[in-house]
Amino acid sequence: MEEATRKTQVLIEALPYILKFRDRYSVVKYGGSVLRENRFIRAVLQDLVFMSTVGMRVILVHGGGSRISETLAARGIKSEFVNGLRYTDSSTIEIIREVLLEVNGEIRRTIEELGGRTALLDPESRALKAVKLNRPGADLGLVGEISQVDKTFFEECGRNGTIPVVPPVAFGADGFLYNINADTVASQIATALQAEKLVFLSDQPGMMRNRDNAESLISILRPSQARGLIEDGIITAGMIPKVQAALTAISQGVRKVHLVAGHIPHALLLEIFTTQGTGTEIVPEDYQNGI
């Protein structure tokens, strides 16, 4: 009876969140080394199915960097990175597309096994449009950025309870297929839909002041504080693009951005449907505590 009562209390705690987030968009970006661990993947996808089942409009953007590097190496192609972005030429982009669609298919099959409904955002659909990314002094080849999001596809999926699963590639008006940073893709989709939440799932538990001290986790972070942590060298390396994407999304109307550990079982549900959460929330400067 005590165990049953405890479970009931958990459901009651989740109820206000379920009611508030019904029919609201949540964009989840899933990447990092956790994407290679089946035991972590299944728990994350169960969370997504739960979110969709209780009425949230869930969109999943996935990466596949390590699989891409392994496939390129197996075919005798060396991966080259410029400022953290993979240099992409005409032969590399086809391999990237191939690997991403393989990963996409695996994710969608698992979601459907768990009782969810999915849809592939096929790059051929042109629901996402890209332009070449220009960085001063650096030619990245066929690396792009999102120039336009067609909301129609996502709105239809939201209405019928389908989870769009999005690979981070898109065509440009020039006919070229571009490789795009998945964090940026997730941020742009969330902004276009004015999402309630943008969630980055990775192998990091959130934002910490000291990476060696789990107790230094920052629960709530405002944009001015985040920029200060970048300037002070506390936010570094791969976390910088995530935080920058988060700040862009917040500045353009996304209500909250969450940085959550994908290797903690059901961390996504704990972050969204409980008061305490598990990771870091990045919120607008004038945010008042609440749901």
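The values are calculated or read from the model by the stated rules, or taken from the named source; none is laboratory data. All of these numbers come straight from a predicted model, not from anything done at the bench. Ideal geometry is used to build each Cβ from the backbone, glycine not excepted, and the neighbour counts take in all protein chains shown.
Highlighted here are the helices (runs of 4 or more DSSP H) found entirely within the range 176-291 that include at least 3 residues which are of a type in the set (Ser, Thr, Tyr) and farther than 21 Å from Ala14 by Cα: 182-193. For the range 219-230, the count of residues that are at pLDDT below 90, more than 24 Å from Ile18 (Cα to Cα) and in contact with a strand residue (DSSP E or B) (Cβ under 9 Å, 6 or more places away or on another chain) is zero.
Pairs are defined by a Cβ separation below 6 Å, a sequence spacing of at least 6 or placement on different chains, a first member in the range 263-277 that is more than 16 Å from Val27 (Cα to Cα), and a second member that is among the charged types (D, E, K, R) and crowded, with 18+ Cβ neighbours inside 10 Å; the pairs so defined are His266/Asp47; Gly277/Glu271.
Just so you know, in the range 140-170 the residues that are acidic (Asp, Glu) and touching a strand residue (DSSP E or B) at 6+ places or on another chain (Cβ under 8 Å) include one that is surrounded by the most Cβ atoms within 10 Å (Cβ to Cβ), and it is Glu145. On the stretch given as the range 64-95, residues that are touching a strand residue (DSSP E or B) at 6+ places or on another chain (Cβ under 7 Å), in contact (Cβ under 8 Å) with a residue 12 or more places away in the chain and in a loop (DSSP other than H, G, I, E, B) total 3.
In the set (1) more than 26 Å from Val49 (Cα to Cα); (2) modelled with pLDDT of 95 or more; (3) surrounded by 16 or more Cβ atoms within 10 Å (Cβ to Cβ), Arg86 fails one condition alone, (2). Close contacts from the range 111-131, counting a first residue that is assigned to a helix (DSSP H, G or I) and a second that is among the β-branched types (Val, Ile, Thr), with Cβ to Cβ under 7 Å and a gap of 6+ residues or different chains, come to Ile111/Val49; Ile111/Thr118; Ile111/Ile163; Glu112/Thr118; Pro123/Val169.
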